[in-house]
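So the structure is just underneath, and the comments pick up after that.
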Amino acid sequence: MGLAAADYVKQALALGAFSGAMGSALGTLMVLKFSPSDRMIDDFSPVYALASTAIAVGVSFAFSVVPAWQASRLDPMIALRYE
């Protein structure tokens, strides 16, 4: 009756991708700005930023599957009755 489980999972994946990308960008900027030595900047690789974003998307997918499945099976009128 409500949204399909795939719609909930898509929203979670979009949120995970956005938050992972923003976290990677913020972390990179913090390292470049506040690094105590140039060695940390030399060791930086874009692969690490992509890997952390991929991990964020994977975690958001893993923790959204069960709630999405439950929410897609719930009747909206029943859910709103207790709000």
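Helix-only estimate, please: 222 nm mean residue ellipticity of the chain, summing -39500 (n - 2.57) across DSSP H runs of length 4 or more and dividing by its residues, to the nearest 500.
One gets -26000 deg cm²/dmol as the mean residue ellipticity at 222 nm.
With the cut-off at 1.5 for a/c, could you classify the stretch 5-81 from its C-alpha gyration tensor as rounded, prolate or oblate?
The shape class here is prolate.
Normalised by the residues of the stretch 5-81, what does the relative contact order come to in percent, with Cα pairs under 8 Å and at least six apart?
53 percent
Laboratory data are not the source of any read-out in this text; all were calculated from the coordinates shown. What you see is a predicted model, and the numbers here were worked out from it, not measured in a lab.
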